[in-house]
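Asker: Questions regarding the structure given below will be posed in turn.
The values are calculated or read from the model by the stated rules, or taken from the named source; none is laboratory data. It should be emphasised that the depicted structure is a prediction, and the values quoted were computed from it without experimental measurement. We place every Cβ from the backbone using ideal geometry, glycine too, and count neighbours over all the protein chains shown. Protein only, heavy atoms only, side chains kept; ligands, DNA and RNA dropped before computing areas. Shrake-Rupley method; radii C 1.70, N 1.55, O 1.52, S 1.80 Å.
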Amino acid sequence: GDDGDVDVLLQRGGVLCTQLKAANRGAHVCVERRRREQDAAKQRLDTLNLQQQNVEYELAHYRKEIEQCRAYVFDADALGLVSEDELPDDVRAALREHHGDAVVAAAEAAA
């Protein structure tokens, strides 16, 4: 009778409850996996953003350096260049040995 129907319903309810718990557990596992994936993606994005900021900072620095180089005016008179004749013999010989006659000739032409 009624006791059998109640037992069947209780048993069916227990099975449904167990299935619901398993589905809930599966959903939590899935959510945690997605959170870990999202955290890893955020870390990668943060790293890339930091690298981009570093590159932009370096680029700005190099652009500033390039502009300073372009604005540089060479003033040979301020350096007080001397002709080859005014150089001591050992200095002239060292220049020729290390840099060749072209450098010495260029120095003479500048003076």
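Asker: Of everything in the stretch 59-81, what is over 30 Å from Arg92 (Cβ atoms) and open to solvent by 90 Å² or more (accessible area, probe 1.4 Å)? Give them in sequence order.
Answerer: Just the residues of the stretch 59-81 that are over 30 Å from Arg92 (Cβ atoms), to begin with: 59-71.
The answer is Tyr62, Arg63, Lys64, Glu67, Gln68, Cys69, Arg70.
Asker: May I pose another question? Among the residues of the stretch 70-91, is any modelled with pLDDT of 90 or more and of a type in the set (A, V, I, L, M)?
Answerer: yes
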